[in-house]
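Q: Can you read through this structure? Questions will come right after.
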């Protein structure tokens, strides 16, 4: 069984502050808790499906109900805002309804209500794992 990519992600989890609970580390832990990959093929298939279908398809069990996505959003709000700002700056898109198409509730620009919190939790997990996949060499999902 090949575990080159699993080992690379495990190394990322160990980097940084030992007690740090950054968004990256949380997303890696969620992925490993959800999947418990036995080999690289399993990990690659999970990341490919996440990239193609996203959290909304129900493949990330801790992101299925609003209670969990709201909690994830509230616990990671600062990191999510930084990531969103960087992605907006890099893409040149500053209109969240354009960035998230018809899913964004324009009447809730501060993400106070469930719909936008859920959307931002999905965005944070999916984008973080996509960036990690690229970082470890799985850029062609």
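The values are calculated or read from the model by the stated rules, or taken from the named source; none is laboratory data. Here the structure is a predicted model, which is why all the values come from computation and not from measurement. Cβ atoms come from the backbone with ideal geometry, glycine included; neighbour counts cover every protein chain shown.
Q: Can you confirm whether residue 41 is surrounded by 14 or more Cβ atoms within 10 Å (Cβ to Cβ) and either touching a residue at least 24 places away in the same chain (Cβ under 8 Å) or within 18 Å of residue 130 (Cα to Cα) (or both)?
A: For residue 41, the condition - surrounded by 14 or more Cβ atoms within 10 Å (Cβ to Cβ) and either touching a residue at least 24 places away in the same chain (Cβ under 8 Å) or within 18 Å of residue 130 (Cα to Cα) (or both) - is not met.
Q: What single numbered condition from (1) buried (at least 17 other Cβ atoms within 10 Å of the Cβ); (2) at pLDDT 90 or above; (3) on the phi < 0 side of the Ramachandran plot fails to hold for residue 91?
A: Against the list (1) buried (at least 17 other Cβ atoms within 10 Å of the Cβ); (2) at pLDDT 90 or above; (3) on the phi < 0 side of the Ramachandran plot, residue 91 comes up short only on (1).
Q: Further question on the same structure: Please identify the pairs in which a residue from segment 45-69 that is at positive phi and in contact (Cβ under 8 Å) with a residue 12 or more places away in the chain has its Cβ atom under 7 Å from the Cβ atom of a residue that is surrounded by 14 or more Cβ atoms within 10 Å (Cβ to Cβ) and in a helix (DSSP H, G or I), counting only partners at least 6 apart or on another chain.
A: Matching pairs, first to second residue: 54/122; 54/126.
Q: Can you tell me which of 53, 66, 85 is surrounded by fewer than 15 Cβ atoms within 10 Å (Cβ to Cβ), modelled with pLDDT of 90 or more and in contact with a helix residue (DSSP H, G or I) (Cβ under 6 Å, 6 or more places away or on another chain)?
A: After applying the criteria, what remains is 66.
Q: Out of 139, 98, 70, 42, I need the residue that is in a helix (DSSP H, G or I) and closer than 22 Å to residue 10 by Cβ. Which one?
A: It is 42.
Q: Provide a single number: the residues in segment 24-38 that are crowded, with 18+ Cβ neighbours inside 10 Å, under 15 Å from the mean Cα position of the chain (by Cα) and over 11 Å from residue 125 (Cβ atoms).
A: 0
Q: Would a scan of segment 99-118 turn up a residue that is touching a residue at least 60 places away in the same chain (Cβ under 8 Å) and surrounded by 11 or more Cβ atoms within 10 Å (Cβ to Cβ)?
A: For segment 99-118, residues touching a residue at least 60 places away in the same chain (Cβ under 8 Å) and surrounded by 11 or more Cβ atoms within 10 Å (Cβ to Cβ): absent.
Q: Only one of (1) without any contact (Cβ under 8 Å) to a residue 60 or more places away in the chain; (2) within 11 Å of the chain's Cα centre (by Cα) fails for residue 129. Which number is that?
A: If we test residue 129 against (1) without any contact (Cβ under 8 Å) to a residue 60 or more places away in the chain; (2) within 11 Å of the chain's Cα centre (by Cα), just (1) comes out false.
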